[in-house]
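The structure appears right after this line, and notes come after that.
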Amino acid sequence: MVAITFIAADGTDQPIDAEEGLSLMESAVGNGIEVIEAQCGGNAYCGTCRVYIDPAWRAVTGDVTEVEVAMIEVSGDMTPGVRLSCQITVTPSLEGLIVRTPMSQS
Amino acid sequence: MSATASVCPAHQGRDDRKSAQIAAANLAPQEGARVVGAFASVREILRSTQVRQAGASADQADLSKPGEISFFFLDGDLHRKRRAAVAGLFAPKTIVTRHQAVMDRTMDEIIAKLRSRGSAPLDELSWQMAVDVAADIIGLTDSDSSENLANRVKAVLDLSMGRSDSWLGKALLTAKIMIRVGAFWKHDLSPAVEARRKHPKNDVISHLVKENYSKKGMIMECLSYGGAGMMTTREFIVMCAWHLFDDPALLERFLTGGEDDQFAILEEILRLDPVVSLLHRRAAAPVEGSAGVMMQEGEVAALSIRDANTDEATTGPCPYELDPDRAKRMKAVGAYMSFGDGPHRCPGAQVALHETRIFLDRLFRLPGIRLVCEPTIIWNRQIQGYELRGAVVACDPA
Ligand code: HEM
């Protein structure tokens with residue numbers, strides 16, 4: 001298990017134990033992070049699993065990948081560190097990761 | 001082929017599916033294809049970068065001319081780029097800010113028509129909704145009337161789904177298709193293309209114009225959207241209405257619940273009665289999954305959406321029972337595999353769910369609304385899916 005903390009838009013934090021090998025989105029949904037809608041089930045085609053990676057962690061999670069660009073652009077969300085959580089795989093290197101979530105995905 | 005779910009002890013094995021019998025009797029995977037039905041395996045195959053579209057029409061597509069075929073048949077980078085170019089048309093924000101207005105306007109017309117006539121065939125009403133919404137996304141908005149557009153699209157799609165085994169039959173079918181496609185080009189697509197050459201808009205045809213698609217390419221792309229978006233949604237709306245007419249408690253919940261609950265009901269109906277039953281994929285290279293090699297190079301798999309949607313490993317117990325709380329409980333996507341998965345997953349899924357919700361919410365609030373004739377369920381061999389015909393709804397006159 002990998003310890004990850006989600007911080008909601010109102011500042012409350014929700015620590016979860018994420019399963020290695022799953023996506024960050026799947027781990028969030030499985031642990032009841034309700035703001036992660038993931039309408040398309042993890043295919044980078046709805047933009048409703050957006051998270052903001054804490055600046056200290058961006059080098060580890062990496063930049064927005066090519067498959068994410070279209071839906072992030074379409075969402076109009078320009079927040080620094082924005083990623084689609086369905087495209088981030090949980091690995092031991094993410095132990096202690098901090099991500100913020102938007103108020104809503106729409 | 002049919003899934004073998006255990007009998008549910010708590011509910012005497014209730015089976016709420018309406019299309020299971022006809023599917024079991026008619027489903028015909030492509031010859032030589034191996035049927036795969038476990039949810040996890042279906043998902044892994046659909047998400048693999050090693051698989052390609054397969055099945056009757058995919059095998060006929062000439063991949064050396066990507067500008068002349070729909071992106072439905074493409075794979076890899078080119079496919080991703082073409083999808084990305086129109087992604088905005090299907091985004092949740094676009095549905096709220098643009099498509100919802102089209103859905104509301106069309107529903108106003110449908111309600112007015114039904115109230116003035118007193119009764120109407122349900123699939124005619126659902127077809128109007130499906131066509132209007134898809135036409136706006138595609139950019140087919142310069143036809144003489146939306147009713148004529150709907151009839152011409154239907155004429156082409158009905159024939160292209162037809163089949164004849166004799167040489168004369170085939171020749172006649174081809175000639176008829178050409179005539180109908182010609183009418184569609186002349187009255188619908190060509191005026192839309194001309195209008196967009198002068199004033200580009202945000203729709204599929206504007207994109208095709210910008211990218212210099214050939215006439216053939218444009219026709220193929222628009223008709224693919226027609227088949228993928230219009231025919232499927234027509235059946236989905238009627239299937240949902242049939243379930244709701246049949247189950248007063250479910251209808252009550254639909255009418256009193258919030259939008260999220262309404263979507264949960266619709267998705268659960270689609271899980272049980274998926275419009276698309278089979279997806280075919282060919283392995284271009286061995287497909288590795290979490291449990292080892294899943295497909296050998298060259299192998300074709302027929303992925304059974306019906307089996308995947310009722311796989312107890314992801315649905316939990318009583319997989320044939322209509323339970324709108326299931327997906328949330330199981331932390332699953334509500335429609336399960338009904339919109340496919342992976343790079344080809346249906347881009348119009350949320351559009352279809354929204355238009356169906358709006359259609360049914362308005363229809364079932366009409367005074368005196370009733371189903372005066374149940375639909376007959378028939379099987380479309382070409383698309384390997386059910387069609388619901390002959391349902392008639394009536395309401396109190398205006
Ligand atoms: C209830 C209604 C619908 C159902 C059940 C449905 C189902 C599906 C499925 C299963 C696929 C995947 C095909 C594959 O993997 O080979 C698909 C693809 C597609 N759908 Fe839908 N669909 C619906 C509505 C719509 C709507 C409303 C539109 C557009 C207005 C649409 C446009 C498309 C397109 C363009 C594709 C091809 C995507 C690609 O190949 O990348 N669909 N649909």
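The values are calculated or read from the model by the stated rules, or taken from the named source; none is laboratory data. Since this is a predicted model, take the numbers as computed values, not measurements. Because the Cβ atoms are built from the backbone with ideal geometry, glycine has one as well, and the counts that use them run over all protein chains shown.
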Practice problem: Starting from segment B:345-363, take each residue that is within 14 Å of chain A (Cβ to nearest Cβ) and list its partners that are near the ligand (Cβ under 8 Å from one of its atoms) and not hydrophobic (A, V, I, L, M, F, W, C), counting only C-beta distances under 6 angstrom and pairs at least six apart or across chains. | Solution: B:C346/B:G340; B:G348/B:G229; B:A352/B:T233
Quiz item: How many residues are within 10 Å of the ligand (Cβ to nearest atom) and either under 13 Å from B:A101 (Cβ atoms) or within 14 Å of another protein chain (Cβ to nearest Cβ) (or both) when one looks only at segment B:126-136?
Solution: 2
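Output the strands (runs of 3 or more DSSP E) that fall wholly within segment B:314-398 and possess 1 or more residues being of a type in the set (D, E), or say none. Working first, answer last.
Working: elements: B:370-373, B:376-380, B:385-389, B:392-394.
In segment B:314-398, the matching strands (runs of 3 or more DSSP E) lie at B:385-389.
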Self-check item: Meets criteria (more than 16 Å from the ligand (Cβ to nearest atom), more than 30 Å from B:G118 (Cα to Cα) and in a loop (DSSP other than H, G, I, E, B)) for B:G298
Solution: yes
Quiz prompt | Residues of segment A:23-64 satisfying the condition of being over 24 Å from A:T12 (Cα atoms) and more than 11 Å from chain B (Cβ to nearest Cβ) | solution = A:A59, A:G62, A:D63, A:V64
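Taking helices (runs of 4 or more DSSP H) that fall entirely within segment B:46-118, which contain at least 1 residues that are closer than 23 Å to B:D203 by Cα, within 14 Å of chain A (Cβ to nearest Cβ) and of a type in the set (S, T, N, Q)?
Values: elements: B:56-60, B:76-86, B:100-117.
Once the helices (runs of 4 or more DSSP H) in segment B:46-118 are filtered for at least 1 residues that are closer than 23 Å to B:D203 by Cα, within 14 Å of chain A (Cβ to nearest Cβ) and of a type in the set (S, T, N, Q), what remains is B:100-117.
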Quiz item: Which of the residues belonging to segment A:65-104 are of a type in the set (G, A, S) and either within 11 Å of chain B (Cβ to nearest Cβ) or in a loop (DSSP other than H, G, I, E, B) (or both)?
Solution: A:A70, A:S75, A:G76, A:G81, A:G96, A:S104
Self-check item: Matching residues in segment B:173-210 - criterion: being free of Cβ contacts under 8 Å to residues at least 40 places away in the same chain and part of a loop (DSSP other than H, G, I, E, B)
Solution: B:H199, B:P200
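Confirm whether B:D307 is more than 13 Å from the ligand (Cβ to nearest atom), touching a Phe, Trp or Tyr at 6+ places or on another chain (Cβ under 6 Å) and away from every other protein chain (no Cβ under 14 Å).
Details: more than 13 Å from the ligand (Cβ to nearest atom): yes; touching a Phe, Trp or Tyr at 6+ places or on another chain (Cβ under 6 Å): no; away from every other protein chain (no Cβ under 14 Å): yes.
So B:D307 does not fit the description; no.
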Quiz item: Among (1) modelled with pLDDT of 75 or more; (2) more than 14 Å from the ligand (Cβ to nearest atom), which single condition is B:A84 missing?
Solution: (2)
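With assigned to a helix (DSSP H, G or I) and more than 29 Å from B:R80 (Cα to Cα) as the only criterion, which of A:A3, A:A56, A:A9, A:A28 stands out? So that I can check it myself, show each step before the final result.
Numbers: A:A3 fails: assigned to a helix (DSSP H, G or I); A:A9 fails: assigned to a helix (DSSP H, G or I); A:A28 fails: more than 29 Å from B:R80 (Cα to Cα).
Just one listed residue meets the conditions, A:A56.
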Self-check item: Leading residue by the ranking (surrounded by the most Cβ atoms within 10 Å (Cβ to Cβ)) among those in segment B:328-360 that are near the ligand (Cβ under 9 Å from one of its atoms) and among the aliphatic types (A, V, I, L, M)
Solution: B:M337
